[in-house]
Every structure is written in C-alpha cells, then in structure tokens.
Amino acid sequence: SRRGCDLGTTRIPLDSMPALTYVYGATIAIGGIFTYQAKGNKGALGWGLLFGTLLCWAALRMKERGPGVRGYPFVIALLVSFVMFFMTAARVHRTGKVWPMGALAALSLIMGLRYASHFTIYGDLYEYEI
C-alpha cells in the first residue's frame, strides 16, 4: 500500500527541479566566492563551495533519474537547504542585516520546503528504500 499524501492525479511537476537545484547550488557557491573576495572569509568560501557542489551533484542525480526521481538526491538537497537556512537566518538575527543573508535564508527555506513537498506528495522515505 502507498504511504504518504495521495492527492489523486495531482502531482507537482519535477521536471524543473534539477534546473532549480543547479541555480540554487550555483548561487550558494558564487556567494561564497564573492564573500571570500570581499571580506577574506575562508569559512564562507569553504561552506559555499561545499554546499554548492553538493547541490549541483544532487541536481545531476535528479536529472539522470528523470521526472520520477526518488531517493537520496532529494534527501541531500533537503538537508543542505535547511542547514543553509539555519546558518543564514542565525547570521541575519546576529547582524540585523537583511541583504544578502536574509534573501539567501528565504531562498533556502523556499527550496527546502520544495524538496520536502516531494516526500509528502510522493510518499515517505521508507517507500524510497533509502
């Protein structure tokens, strides 16, 4: 039996997810590079490149598996987006500056919710045999 949320024939199209994930990953990586160039922050460079690379790798796996993608690419993208959200939201709270960290926090939250919606609509993790 199918577990999770069954909305009948209503499905969120997943064709755009690899492209959105590539853009999101590139945004994070480029942001880390710009922050390093502007402020010399090696942590921003390292985390930006690590998270950007993980997201682009997940996007590649989503693209290889096609529209019916299942499993670990979404889990990795979900974890990275929520870690990015909490890191950037904490920075906004600490500094009070909304730009650019607030925008990145909002983007990370939106993408994280988008990845999470995949599991609520298409079933839970057990169904994906992770």
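The values are calculated or read from the model by the stated rules, or taken from the named source; none is laboratory data. Fair warning: this is a prediction, and the values are worked out from it, not measured in the lab. Reconstructed Cβ throughout: ideal geometry from the backbone, glycine too, with neighbour counts over all protein chains shown. Heads up: the accessible areas ignore ligands, DNA and RNA and are worked out on the full protein's heavy atoms, side chains in. Shrake-Rupley method; radii C 1.70, N 1.55, O 1.52, S 1.80 Å.
Laid out as a table, the results:
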{"quantity": "Qualifying residue in region 85-98 (condition: under 25 Å from PRO18 (Cβ atoms), open to solvent by less than 40 Å² (accessible area, probe 1.4 Å) and touching a helix residue (DSSP H, G or I) at 6+ places or on another chain (Cβ under 8 Å))", "calculated": "yes"}
{"quantity": "Residue under evaluation ILE130, criteria (1) modelled with pLDDT under 95; (2) out of contact with any Gly (no Cβ under 6 Å at 6 or more places or on another chain); (3) of a type outside the set (Phe, Trp, Tyr), criterion not met", "calculated": "(2)"}
{"quantity": "Region 103-112, residues that are closer than 13 Å to ILE28 by Cα and either of a type in the set (Lys, Arg) or open to solvent by less than 20 Å² (accessible area, probe 1.4 Å) (or both)", "calculated": "ALA105, SER108, MET111"}
{"quantity": "Unique match (being under 20 Å from ALA116 (Cα atoms), surrounded by 14 or more Cβ atoms within 10 Å (Cβ to Cβ) and at pLDDT 95 or above) among LEU14, LEU54", "calculated": "LEU54"}
{"quantity": "Tabulated pairs, region 30-48, first in a helix (DSSP H, G or I), second open to solvent by 100 Å² or more (accessible area, probe 1.4 Å), C-beta under 8 angstrom, 6+ apart or interchain", "calculated": "GLY32/TRP47; TYR36/LYS42"}
